[in-house]
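Below is one structure, written out as structure tokens, with a few remarks after it.
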Amino acid sequence: MKKVCGKYVFLFCSLLLISDSALSGHLVGGDLSYECISPNRYVITLQMYRDCNSAGAQFDDNVSIRAFEGTSEVLFQTIRLDFNQTVQQLEFSQDIQCLADTPDICIETTIYSDTVTIFLPPSGVTLVHQRCCRPINVVNIKNVTDVGSTFTTLIPNVGEFNCNSSPRFNETPPIALCAMINMSIDYSATDLDGDSLVYSFCTPFHGGSPANPAPAPEPPPFQIVPWEVGFSDQHQITALPSLTIDPETGIISGRPTAVGTYTFGVCVEEWRNGVLLNQISRDFQLTITPCEVDASAAIDSVLEECIGFDISFFNLSSMGNNFLWTFGDSTTLDDTSSAVNPSYTFPDTGTYSIELIAFGDVCSDTTYLDYRVQHKIEPYFSVPEPECLNRHKYVFEAEGFYRASTDVLWDFGQDSAEISDDLLPVATKVFDSAGTYEISLHFIDERLGCHKTYSDSATVFPNPSTELSDSLLEQCAPFSGKVFTTNRHAYKVSYDWFINSSLVSNSSTLLFETKTPGVYDVNVRLTTDSNCIDTIEIYVPRMITVKDTPVADFYLPNMSAGMFEPYFTLYDTSINALSWQFSIENEPLTRSSKHDFALADTGNYIISQLAWHANGCTDTLYKTIRVEPEYLTYIPNAFTPNQDGYNDIWLPEVFVHDTYHLKIYNRWGNLVFETKDVHNGWNGHIRNNGKECPLGVYTYDIYITDHHGKNWHYTDKLSLLR
């Protein structure tokens, strides 16, 4: 390319002035996405953009993201993402020749991201974050100061492994575009799962308000922003030609014509096997600014060969007041055009040098393109509609333009067949397995030196299949169980469950409960309504067996007894029991229907009965009995033998005994009193008739044999006081 310039003239690229009241608005865009790193583990990422020339709020210290079940209002989970304190200012990256200066625009961005665990419900979850407010100078939204933003995406439940990642936009949007210049913006995205992506313009969502700028996110459906008159999702920026987006590449092209700041929305749909899984969107502010730009010549070099003699050329020049095309036809002097996008009919095949000069106020620019003109060769074929594996047979018919010298080659991957015929060749193909197959039709013309290919893909859907979670289920009554299917290649499935030929459920899982013993047949019918549309039935006779169950029960006339008469009688009153086992405190007691027993100590005891039916089913019943404690003796710890009539005799009280023996010792271990009569107490004298014992502490030993023959020994100290 060569540049022919006079004196360069650069004018400052100015933006629309905004009032101080606009400084309260700061949010200029964002998008919400996620990446699955393992089943039920996701990295949630919210990228936010703000106007750093604004005095409005800075980035929030943390953001709240709510997860709702499917697209419902049911709150499933709340996620909080912290501000990582990293803020990046976007650079002005426009590459426009003869641009005098960059506009005074400042946009900064930050990312809120964290790894969270989400156990997806069957309908998946919708992630939502809402924030207000937008800058006041946005021209394509009504009452923009009252309008906020909603950033949302869906995590679908994709089956057994539940590990889908959303698309992520590849490039940061430009912060400004020049008016009256053809633009090309890359809004493409990448999907880690290799899903098909479809791009479109869409209306951004509204969320939050000046009164509640950072609300708890609301569930779907979401309110859309109100477009100003003359604007819509397909006409978000004033442009001529209007902006268009390539649905396959995400490249946006067009020529903005009106200066201003615009809200701009782009959506990316995520498809897998013909099923829409999710949609992400980017809500971003684009500023169209006036620029004084000289010409920059450019010809669209993506021109096919072998398209015939009538060729259309496309001018990709940046600005330029006038243009001059020269088509390199040496057979005439009339091979020029001043049209922006001219067409020219060449006299014959050959290579021609195409020249384009773009004239600006200050600069002129020239570019060249060598183009080979050939006869028209253009392959094409129509793809049959997808069909199920077990009933497909595809017929492919070559169409388009070709000559007698053109060879036709079908390429079905490993299976290829070359056909050369004056008639349109037809190929019939039956694929051995399900899948999407790339099919290419080649037109090869050695005489013209042209080899052109048209490719498309044909899809063969796998036939759906299913298996039941269990083959046989057997339980003692009452029965409570569930049966579900494990499906493969089944999409949008409806279910009919039958028990003994009666329809009982339309859910994906059969929940069955009954108290009635018996044998039950199970039948499930699955019907798909997308991809391979088919019906599958599974019938399992006698799948569920519910066995009769005994009822454990027993009776004790008395549930408690005293420790001196700890006797109990046990009676079996069970129903439908072939045998039983009684236990006390988990220790076997008896298998008899009546049993007398005694307990040796006080306290609570758990009596259990395990009852067996003849079919092996069991039932267990627990009851608690108690042996109440009763005191054997009461022993005072002091007495005052001063003959005043109060507490002159030291005498323990014994309530139950067979034998009794009391001994009292002084501090040196000498025996001072002894008796075997429970009614005989100590009066403070040696052996009750000797010398008076001094004040002090004495030791006693009491030996008792109760009426059960159990021996008891009590020893302690007593005080003699006067």
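The values are calculated or read from the model by the stated rules, or taken from the named source; none is laboratory data. The structure presented is a predicted model; accordingly, all values stated were derived computationally and were not measured. Cβ placement follows ideal geometry from the backbone for every residue including glycine, while neighbour counts extend to all protein chains displayed. Just the protein is used for accessible areas: all its heavy atoms, side chains included, with ligands, DNA and RNA removed. Shrake-Rupley method; radii C 1.70, N 1.55, O 1.52, S 1.80 Å.
Which residue, chosen from Ser501, Ala434, Val259, occupies the Cα position most advanced towards the positive end of the dipole of the chain, where the dipole is computed from +1 (Lys, Arg) and -1 (Asp, Glu) charges on Cβ about the Cα centre?
Result: Ser501, furthest along the dipole toward the positive end.
Could you rank Phe401, Phe359, Phe169, Phe479 by how accessible they are, 1.4 Å probe, largest area first? Don't skip to the answer; put the middle values down first.
On the way: Phe401 105, Phe359 80, Phe169 30, Phe479 5 Å².
The ordering from most to least exposed comes out as Phe401, Phe359, Phe169, Phe479.
Which percent of the Cα-Cα distances in region 99-202 go past 19 Å?
Of all Cα-Cα distances in region 99-202, 65 percent exceed 19 Å.
Each residue of region 508-513 in turn: what ³J(HN,Hα) in whole Hz from Karplus with 6.51, -1.76, 1.60 and θ = phi - 60°, glycine and Pro shown as x?
Each residue's phi maps through the Karplus curve to give 5, 10, 8, 9, 10, 9 Hz.
In percent, how large is the relative contact order of the chain, given Cα pairs closer than 8 Å and 6 or more residues apart?
So the answer I get is 7 percent.
In a solvent-free Debye calculation with one equal scatterer on each Cα, what is log10 I(q)/I(0) for region 589-628 at q = 0.16, 0.18, 0.25, 0.28 Å⁻¹, listed in the order of the q values?
The computed values of log10 I(q)/I(0) come out as -0.53, -0.64, -0.97, -1.08.
For region 236-372, what's the relative contact order in percent, using C-alpha pairs closer than 8 Å and at least 6 residues apart? Mind dumping the intermediate values first?
Numbers: 264 pairs, mean separation 25.8, N = 137.
Relative contact order for region 236-372 comes out at 19 percent.
What number in nm² do you get for region 151-215 if you take the convex hull of its Cα atoms and divide its surface by four?
Spelled out: convex hull of the Cα atoms, projected over all directions, averaged, 7.5 nm².
Is there a pair in Lys482/Lys547; Lys482/Lys515; Lys515/Lys623 whose C-alpha atoms are over 22 Å apart, and which pairs would that be?
Checking Cα-Cα distances, Lys515/Lys623 exceed 22 Å.
Post the alpha-carbon centroid distance, region 659-722 to region 236-261, in whole angstrom.
Comparing the Cα centres of region 659-722 and region 236-261, I get a distance of 113 Å.
Can you tell me the FRET efficiency between Ile533 and Asp596 if r is taken as the Cβ-Cβ distance and R0 is 56 Å, rounded to the nearest 0.05?
FRET efficiency, Ile533 to Asp596: 0.15.
Considering only DSSP states other than H, G, I, E and B, which trypsin sites (Lys or Arg not before Pro) in region 539-623 qualify as loop sites with at most 14 other Cβ atoms within 10 Å?
Arg591
State log₁₀ I(q)/I(0) for region 125-257 at q = 0.10, 0.11, 0.18, 0.21 Å⁻¹ as given by the Debye formula over alpha-carbon point scatterers of equal weight, solvent excluded.
For region 125-257, the Cα-only Debye profile gives -0.42, -0.51, -1.21, -1.36.
Quick one: accessible surface of Ser166, probe radius 1.4 Å, all protein chains present, in square angstrom to the nearest 10.
Number for this one is 0 Å².
About its Cα centre, what dipole magnitude does the chain give when the only charges are +1 on Lys and Arg Cβ and -1 on Asp and Glu Cβ, stated in debye to the nearest 20?
Charge dipole of the chain: 3140 debye, to the nearest 20.
Ignoring ligands, DNA and RNA, please state the percent of accessible area on region 110-187 from carbon and sulfur, probe 1.4 Å.
49
Mind checking which of Thr78, Leu177, Leu409 is farthest towards the positive end of the chain's charge dipole, using Cβ charges of +1 (Lys, Arg) and -1 (Asp, Glu) about the Cα centre?
Thr78
How would Asp60, Asp104 rank on accessible area, largest to smallest, probe 1.4 Å?
Asp104, Asp60
For Arg272 and Glu585, calculate 0.36 nm times their separation in residues minus their Cα-Cα distance, and state this gained length in nm to one decimal.
Values: separation 313, 0.36 × 313 = 112.68 nm, distance 6.17 nm.
That works out to 106.5 nm of additional length.
Whose amide H sits under 5 Å from the amide H of Val28, counting only residues 5 or more places off or on another chain, with H placed in the peptide plane?
Correct list: Tyr49, Arg50, Asp51.
Which one, Ser337, Gly360, Phe479, projects farthest toward the positive side of the charge dipole computed for the chain from Cβ point charges (K/R +1, D/E -1)?
Of the candidates, Phe479 comes out farthest on the positive side.
Identify all lysines with a Cα-Cα distance to Lys676 below 28 Å; exclude those on the same chain that are fewer than 8 residues away in sequence.
Lys663, Lys691, Lys710, Lys717
Using modelled backbone amide H atoms (1.01 Å from N, in-plane), which distant-in-sequence or interchain residues come within less than 5 Å of Thr153's amide H?
Under 5 Å from the amide H of Thr153: Leu127.
Give me the distance between the Cα centres of region 323-346 and region 430-493, rounded to whole Å.
Taking the Cα centre of each part, region 323-346 and region 430-493 sit 53 Å apart.
What is the set of long-range amide H partners of Ile224 at a cut-off below 5 Å, with H atoms built 1.01 Å from backbone N?
Under 5 Å from the amide H of Ile224: His206.
Compute the accessible area per residue over the chain, keeping the other protein chains in place, probe 1.4 Å, unit Å².
On the way: 36670 Å² over 722 residues.
Per-residue value: 51 Å².
Between Asp521 and Asn84, what FRET efficiency follows from the Cβ-Cβ distance if R0 is 51 Å, with the result rounded to 0.05?
0.30
Over the Cα atoms of region 414-558, what is the Rg over Rh ratio if Rh follows Kirkwood?
Looking at region 414-558, the ratio lands at 1.38.
Expressed as cubic angstrom per residue, what is the convex hull volume of the alpha carbon set of the chain?
So the per-residue hull volume is 328 Å³.
Arrange the residues Asp677, Asp521 by how much accessible surface each exposes, largest first, with a 1.4 angstrom probe. Could you put the intermediate results ahead of the total?
Values: Asp677 70, Asp521 40 Å².
Of Asp677, Asp521, the descending order of accessible area is Asp677, Asp521.
Distance in nm between label sites at Leu671 and Gln77, each 7 Å beyond Cα in the beta-carbon direction?
8.3
What's the extension gain from Thr249 to Asp716 if we count 0.36 nm per residue and subtract their Cα-Cα distance?
158.3 nm
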